[in-house]
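In what follows, a structure is listed as structure tokens, so that the remarks can point back to it.
The numbers here are math on the coordinates, done by the rules we state, and not lab data. What you see is a predicted model; the values in this text were computed from it and never measured. Note: ideal-geometry Cβ built from the backbone for every residue, glycine included; neighbour counts use all protein chains shown.
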Amino acid sequence: MTQTNQASPTLHSSHQSTRRPQQSTEGLLPMRRRSVSPPAALAPLPDDDDMLEEILLRLPPRPSSLPRASLVCKRWFRLLSDPRFLRRFRAFHRRNPPLLGFFIDGLDVDGIRRFFPTLDPPDRIPSTRLTTAPQPRDERWKFLGCRHGLALLLNRTRLEVTVWDLIAGDQRRVAVPQELLNSEGADLVRQGALLCEEGQMPLEAFKVVLLADDWHPDRNNQVFASLYDSKTSAWCYLTSISTRGLPSPDKPSILVGNSFYWLLIGCEGGGILEFNLDRKSLAVIKQPVGADVTQYSCFQILRFEAGGLGLAILSNANLQFWERKADSSSVARWMLHKTIDLDQLLSLKSPTQTSWHVILGYDEDGHVIFTSRARQVYMIQLKTLQFRNLFESNLITTYHPYTSFYAAVFMFCIATKLNEGKTEVRC
């Protein structure tokens, strides 16, 4: 706690001060002045740009870090706005991109998807800064999810997907492949996912996976997957699998290792659908046997810290965490990791029949889950079990967490526009 030192006031007597008698200095040794050494000079910053770059590389990935540091001098601005440095910065901090906020399904106004920030100043991003641009009212849009600072949207009217860099305001539009349309020309797309290649800036190199299904009430469904690579600007590797379930339209994809995962609904015992980016193949993983599952249970795919596949099952206030591991015979099995009582964690009373806990969303990078009960929305960090009560809402819908290296994209945007001779920079 900072203490404020106040100078003592000088007292002035109203009477004339009495002069002290001079003392004899005979026999006294002469006084020596005490030498005062000058204060130690601060160590100068390294002249070598490479060494300084290594120091700047370790700045925290918070939104305010790089913009503030770039104001020190022209040299720092030059280094911090270099695209090569910004790629290194993203790669160096790739495991912990900051959670800037989230988008909520069902709250669009005039075709605008509002952004809800979660950070505190000076890192808090204004809601209007990352809100999507208004879409025509006569067009049907679906928000498929966010990852690596990009948002993926499906335009069912135009039969195309939009990959949106919300910070820079840039977009890439890609037509839905013909293989994912029905005989009448309508899309069969149910889910999708995207990722930005490691070490690249958004939209420099990305991949998109779309899932479509051929639903039939009396037989197994066919689920199709197609992969788009921005390097080739083409869809490829159409693959399919037969399954009783369908990908849930309300649960965005989770990236674990080099595979995307989606929850399956409509099949006995549930399941998880996997698309492996290396093998370009689909597979179905059954849910844990013996899990605490009720009629009102909620499910959420997780990514464990070690990079393994996990599953959260929420029944009433009982939150079970299952992890898929190889046993002694090298066979992958579900193992119960831990169980949390959310009522006890959040200091809540026992739920009523109309007040169950619900999982709203999950941030795979920060291992953060969003839950709701009794109109209160909570954000829980599953590693530390720290939580925040965000706000009150009675809307049960999907939350799309948005993580991004805002600082790196911000500097890249500024440098690009200044190089183009623009004096007004929006980023």
List, largest first, the extents of the alpha carbons of segment 83-214 along their principal axes, each in whole Å.
50, 31, 22
What list of ³J(HN,Hα) couplings, whole Hz, do you get for segment 138-149 from phi and the Karplus terms 6.51, -1.76, 1.60, once you set θ to phi - 60° and write x for glycine and proline?
8, 10, 9, 10, 9, 7, 8, x, 10, 6, 6, x
With the crude spin-label approximation of a point 7 Å out along Cα→Cβ, what separation in nm comes out for Ser64 versus Glu204?
2.8
For Leu390, the residues 5 or more places away or on another chain with a placed amide H closer than 5 Å to its own amide H are Val377, Tyr378, Met379
Please list, or write none, the lysines whose alpha carbon is within less than 17 Å of the alpha carbon of Lys142, excluding same-chain residues fewer than 8 places away.
Lys251
Once Ser233 and Leu336 are pulled to full extension, the length gained, defined as 0.36 nm per residue separation minus their Cα-Cα distance, is 32.8 nm
So who's got an amide H within less than 5 Å of the one on Glu160, skipping anything under 5 residues away but keeping other chains? H placed 1.01 Å off N, in plane.
Asn155, Val176
How do Ile396, Ile369, Ile414, Ile265 line up, fewest other C-beta atoms within 10 Å first?
Ile396, Ile265, Ile414, Ile369
Treat the count of other C-beta atoms within 10 Å as a stand-in for reagent exposure and order Met335, Met201 from fewest to most.
Met335, Met201
Under 17 Å from the Cα of Lys383, which aspartates and glutamates turn up, not counting those fewer than eight places away in the same chain?
Glu305, Glu323, Asp341, Asp363, Glu364, Asp365
Please work out the FRET efficiency for the pair Gln376 and Asp50, using the Cβ-Cβ distance as r and a Förster radius of 35 Å; give the result to the nearest 0.05.
0.10
Within segment 379-399: backbone nitrogen closer than 16 Å to the Arg114 label point (7 Å, Cα to C-beta):
390-399
Taking the number of other C-beta atoms within 10 Å as the exposure measure, put Trp322, Trp215, Trp76 in order starting with the fewest.
Trp215, Trp76, Trp322
Which residues' amide hydrogens lie under 5 Å from the amide hydrogen of Tyr362, considering only partners 5 or more residues apart or on another chain, with H built in the peptide plane?
Phe370
log₁₀ I(q)/I(0) of segment 305-410 at q = 0.16, 0.18, 0.24 Å⁻¹, via Debye over equal Cα point scatterers, no solvent, to two decimals?
-0.79, -0.94, -1.39
Go ahead and run the numbers for FRET between Lys74 and Glu179, Cβ-Cβ distance against an R0 of 51 Å, rounding to 0.05.
0.45
